[in-house]
Amino acid sequence: MPRALAPLCCLLALAAPLPAAAQTAGQAPAQPERGGVRAAQAASAEARRFMAVAAHPLASDAGRDVLERGGSAADAAVAMQAMLGLVEPQSSGLGGGLFALHWDASEGRMMSVDGREAAPAAATPDYWLTAEGDPKGFWDAAIGGRSVGVPGTVAALERLHRSHGRLPWAELFEAAIATAEAGFEVSPRMAASIARAQDRGLARFAEARAYFFDEAGAPLAAGTVLRNPAYAATLRRIARDGAAALQEGEIAEAILAAIRAAPDNPGELTAEDLSRYAAKARLPVCVDYREWQVCGMGPPSSGGLTVGQILGLLEPFDLAALGDGPEAWHLFAEASRLAYADRALYMADVDYFPMPMSGLLDQAYLASRSALIDPQRSMGRADPGEPPQDDARRRAPDLSHPKPGTTHFVAVDDRGDMISITSSIETGFGSRLMAGGFLLNNQLTDFSFRPTDEGRPIANRVEGGKRPRSSMAPTIVLRDGAPVLLIGSPGGSRIIAYVAANLVRILDFGMDPAEALVRGHVVNRNGVTDLEAGTEAESLAPALEALGHEIRIRDLNSGLHVIAIEGETLRGAADPRREGVPRGE
């Protein structure tokens, strides 16, 4: 055993391993091609010193190379995000935001960093209302400058590096700079994303049109070598100046110019909004689930609380005995209904709206809510509950579901530090605006478009400086005080269900992560139960319909990336619905 890994192994010596079935070979058995899953098995790998897993091989390579040079998990995260913003620009990047969960092995302590975008200081609750007082349509709002929030990605990465970095900040951008200048091949997924976005305004703005389309105006084809010297120049400035490069000076001016020049939908961000932004350290949200402790991101993300509620509502049921069948997934869907109902009513930026955070995870409250679940019959649409510290009578629910355009990546370093990050520009290609070679987010459409309902305020309404509610759910699972699993996913408001379901598969059903990730998705956001097309999840439909579920078969595009820590072995898996791979040594 390498001496450098000793702190991690000493911690894990105290922890029981994952179930036996989760310690089998890292490759899932070969299975037939399925319509909803791009490949027959998840990419998987084992390592003993360190590991990085991201949604594109070049990003995983960048993370691994940093770890190989003695870098920390936080260092690897900076390198991976810099590369993802280049090779997977439709999902995340410098113009967006992120949530990070970090485990410090030497201190045995977890922290979370909120790098969520913020609304302009001048924004008011009627931000998304038309002159007639009606909410705008989503695409009318999303495309252009008005949807852009203050980017937080670089500020969050800088904060993580200052507290947990080992290598010099500037070195972490070298791989992405070199790739931006030399060029990279457009991946099949990126090419397909460009083609889909063509009718959603991607070619409307000159810089995006010149970058994502060829001279004839056609979307770039897979295999096209794409260079981005403007992005390389931006990364050089960030390598020199840190987050200040996006908060003042030439790049900040380019961001503001793009936002203000957007036809029909100019934004309200100011130089002061950019300069005053700060990433925030927050306490993780943790819930006990059987013998594990599941920790996630708190508000303004609803991810940690809602995943925690789903698991807490399921705890009275013996899912391991039920196994991976319709009875268990009925219970999962019902627990999801109850948790999503509370999410809609209560969850928002806690700095702006009071939330009964401890009440939502109170064991007695969850037990009372769990008792509403009938194993024999669906309850249909669930009402929100009244947890301790409840002030529900003074608010109305936000039932909107943002569009997915997000990525997730994880890393473990040779000293046992670990990081789980979900990063986003909101919908694919964000606002469609570019500055400095990168896309700008449309995260302000994650706010409720309606500020009130029947005179009651909606917690997730727009307010100046506020951060919109998110569903991002980077997660670290502990057992006996030591990490055993890192997980997270993109997918809009379905992120919560993707993460919770795969926690059930790994923790309760004892599946190896690679096996879990190829299973079909089951999602209920307090309405229809979605089953993933082209997977074995479709076979659940008759049984769930018999229990009263309204079923919809549809494509569900997650991007789960996982590292399981099993004794001295790191076992990584990447969602086959995307292009990721695990890399380690």
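Given axes a ≥ b ≥ c from the Cα gyration tensor, I'd like to know whether segment 438-527 is rounded (a/c under 1.5), prolate (a/b larger than b/c) or oblate.
Prolate, because a/c is 1.5 or more and a/b exceeds b/c.
Please list 83-95, 181-193, 64-76, 113-125 highest first by mean number of surrounding beta-carbon atoms within 10 Å per residue.
Top to bottom by mean Cβ count within 10 Å: 83-95, 64-76, 113-125, 181-193.
Looking at 504, 74, 307, which one has the Cα that reaches farthest to the positive end of the dipole of the chain (charges on Cβ: Lys, Arg +1; Asp, Glu -1)?
After comparing all options, I get 74.
Kindly report the accessible area of segment 53-150 per residue (heavy atoms of protein chains, probe 1.4 Å, no ligands, DNA or RNA), in Å².
Per residue, segment 53-150 has an accessible area of 24 Å².
Placing +1 at every Lys and Arg Cβ and -1 at every Asp and Glu Cβ, with all other atoms neutral, what dipole size does the chain have around its Cα centre, in debye to the nearest 20?
Once rounded to the nearest 20, the dipole reads 460 debye.
Write down the percent of antiparallel bridges among all DSSP beta bridges whose residues are both part of the chain, to the nearest 5.
The answer is about 90 percent antiparallel.
Taking 0.36 nm per residue of sequence separation and subtracting the Cα-Cα distance, how much length would be gained by fully extending the chain between residue 364 and residue 166, in nm to one decimal?
Using 0.36 nm per residue and subtracting the Cα-Cα distance, I get 66.9 nm.
Can you work out the Karplus-derived ³J(HN,Hα) for every residue in segment 578-585? Use 6.51 cos²θ - 1.76 cosθ + 1.60 with θ = phi - 60°, whole Hz, and x for glycine or proline.
Going residue by residue, I get 10, 10, x, 8, x, 10, x, 8 Hz, with x marking Gly and Pro.
Collect residues whose amide H, placed 1.01 Å from N in the peptide plane, falls under 5 Å from the amide H of residue 439; neighbours closer than 5 in sequence don't count.
95
Over segment 220-329, with the other protein chains present, what is the accessible area per residue in square angstrom, probe 1.4 angstrom?
Ligands and nucleic acids excluded, the figure is 40 Å² per residue.
Relative contact order for the chain using alpha-carbon pairs under 8 Å, separation at least 6, rounded to a whole percent?
28 percent
Where in the chain are the helices, taken as whole DSSP H runs, whose Cα atoms extend 20 angstrom or more along the long axis and whose Kyte-Doolittle mean reaches at least 0.0?
73-87
Each residue of segment 377-385 in turn: what ³J(HN,Hα) in whole Hz from Karplus with 6.51, -1.76, 1.60 and θ = phi - 60°, glycine and Pro shown as x?
Those phi angles translate into 7, 6, 7, x, 4, 8, 8, x, x Hz.
Which residue, 187, 562, 444, has the largest displacement toward the positive end of the dipole of the chain when charges sit on each Cβ (Lys, Arg +1; Asp, Glu -1)?
Towards the positive end, the residue furthest out is 444.
Apply the a/c threshold of 1.5 to the C-alpha gyration tensor of segment 187-274 and tell me whether it is rounded, prolate or oblate.
Oblate shape, in that a/c is at least 1.5 and b/c is the bigger or equal ratio.
Shape verdict for the chain, please, from the Cα gyration tensor: rounded (a/c under 1.5), prolate (a/b greater than b/c) or oblate.
Rounded, because the longest to shortest axis ratio a/c is under 1.5.
Leaving ligands, DNA and RNA out of it, report the carbon-plus-sulfur percent of the accessible area of the chain at a 1.4 Å probe.
So the carbon and sulfur contribution to the accessible surface is 51 percent.
Around residue 570, which amide H atoms from residues at least 5 apart in sequence, or from another chain, sit under 5 Å from its own amide H, with H modelled in the peptide plane?
Under 5 Å from the amide H of residue 570 lie the amide H atoms of 47, 48, each far enough along the sequence or on another chain.
Take the Cβ-Cβ distance between residue 276 and residue 541 as r, set R0 to 51 Å, and report the resulting FRET efficiency rounded to the nearest 0.05.
For residue 276 and residue 541, the calculated efficiency is 0.50.
Relative to the present Cα-Cα distance, how much length would full extension add between residue 222 and residue 550 at 0.36 nm per residue of separation?
114.3 nm
For residue 427, what residues show an amide H to amide H distance below 5 Å, using hydrogens built from the backbone and excluding near sequence neighbours?
442
Placing +1 on the Cβ of each Lys and Arg and -1 on the Cβ of each Asp and Glu in segment 134-246, which of 152, 219, 203 has its Cα farthest towards the positive end of the resulting dipole?
152
Per-residue ellipticity at 222 nm for the chain, helices alone: DSSP H runs ≥ 4 residues times -39500 (n - 2.57), over residue total, nearest 500 deg cm²/dmol?
After summing the helix terms and dividing by the residues of the chain, the value is -9000 deg cm²/dmol.
May I ask you to compute the full-extension gain from residue 198 to residue 371, defined as 0.36 nm times their residue separation minus their alpha-carbon distance, rounded to one decimal in nm?
So the chain would gain 57.5 nm between residue 198 and residue 371.
Computed FRET efficiency, Cβ-Cβ of residue 257 and residue 140, R0 22 Å: what is it to the nearest 0.05?
Efficiency for this residue pair is about 0.50.
The values are calculated or read from the model by the stated rules, or taken from the named source; none is laboratory data. Keep in mind it's a predicted model, so treat the numbers as computed, not measured. With ideal geometry, Cβ positions are generated from the backbone for all residues, glycine too; neighbour counts draw on all protein chains shown. Areas reflect the complete protein model, heavy atoms only, side chains present, ligands, DNA and RNA absent. Shrake-Rupley method; radii C 1.70, N 1.55, O 1.52, S 1.80 Å.
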